[in-house]
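A.B. asks: Pasting a structure below so you can have a look.
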Amino acid sequence: MNVPVNDLPEYNPTRLAIFISGTGSNMEALLEACEEDDYPAKPVLVLANKASAGGLEKAKARGIQTVVVDHKVFGGDREAFEHAIQAELEKHDVEFIALAGFMRVLTPWFIGKWEGKMINIHPSLLPSFPGLHTHQRAIAAKCRLHGCSVHYVTAGVDEGPIIGQAAVPIFPDDTPDTLAARVLVAEHKLYPACLEAAVSDDQNSSYVQMSDDPDAPFIISAP
Ligand code: GRF
């Protein structure tokens, strides 16, 4: 039986921009998720602050629009840089932003404009280890668990409300690189789950998932 078109549930995915500065492996995980049926976001723009960001080619290969807004062109004027970004976002009718390894601190002006509509992935179990060199710092602190967090972006760097987290073990022979690689596997699972929850505004349900991959054990807890 054919269902009349008017009776079909409306599929109206949120128009997503992903900001990158580097490799873009989290960006790829998000783009892959967005290809799934019924995923509630649709990537309309990948924005990088440098032309050398490796993720740009990966996005283009998937047919996603890309743009470079080079922060260096604006000297130290952060707001001018962000006004240029904002113009691109408006050009593409962007509704939601996912920062994925975007290495620029944003001003209160931009953050205020996108409050509640901009999320970030950070490679630590926040509020532990905000900032840089998180893997090295977790090893130095003799942590037994480490991981990643997806959170809303607010004025304090790496401080916004947490949407979801994934934890991985730290083994005695770990180096910052081996630990980073383990965390990255978890990041790629966590970020799409948290983006989906954030754009659907569905943060009351919760789930915990344990990986069945013995090489990359982790626990993920996201709405
Ligand atoms: C990730 O570890 C992310 O948590 C951090 O920067 C790294 C970016 O990696 N913010 P990639 O560009 O997504 O591969």
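A.B. asks: From the list Leu89, Leu56, Leu8, pick out the single residue that is modelled with pLDDT under 95, more than 15 Å from the chain's Cα centre (by Cα) and of a type in the set (A, V, I, L, M, F, W, C).
C.D. replies: Leu8
A.B. asks: Return the residues of segment 118-132 that are within 9 Å of the ligand (Cβ to nearest atom), open to solvent by 10 Å² or more (accessible area, probe 1.4 Å) and part of a loop (DSSP other than H, G, I, E, B); say none if nothing qualifies.
C.D. replies: Listed by number, the list holds a single entry, Pro123.
A.B. asks: Related question: For Cys148, indicate whether it is out of contact with any helix residue (DSSP H, G or I) (no Cβ under 7 Å at 6 or more places or on another chain), within 14 Å of the ligand (Cβ to nearest atom) and under 24 Å from Ile97 (Cα atoms).
C.D. replies: The answer is no for Cys148.
A.B. asks: Can you tell me which residue within segment 36-53, out of those that are more than 16 Å from the chain's Cα centre (by Cα) and not aliphatic (A, V, I, L, M), is nearest to Leu99 (Cα to Cα)?
C.D. replies: Filtering segment 36-53 for residues that are more than 16 Å from the chain's Cα centre (by Cα) and not aliphatic (A, V, I, L, M), the one nearest to Leu99 (Cα to Cα) comes out as Lys50.
A.B. asks: Pick out, from segment 133-223, the strands (runs of 3 or more DSSP E) lying fully within it that include 2 or more residues that are open to solvent by less than 30 Å² (accessible area, probe 1.4 Å), farther than 30 Å from Gly112 by Cβ and in contact (Cβ under 8 Å) with a residue 24 or more places away in the chain.
C.D. replies: Values: elements: 145-152, 162-169, 207-210, 219-222.
Per the criteria, 162-169.
The values are calculated or read from the model by the stated rules, or taken from the named source; none is laboratory data. A quick note: this is a predicted structure, and the numbers were derived from the prediction, not measured. In this analysis, Cβ positions are derived from the backbone assuming ideal geometry, glycine residues included, and neighbour counts consider all displayed protein chains. Only protein heavy atoms, including side chains, enter the accessible area calculation; ligands, DNA and RNA are left aside. Shrake-Rupley method; radii C 1.70, N 1.55, O 1.52, S 1.80 Å.
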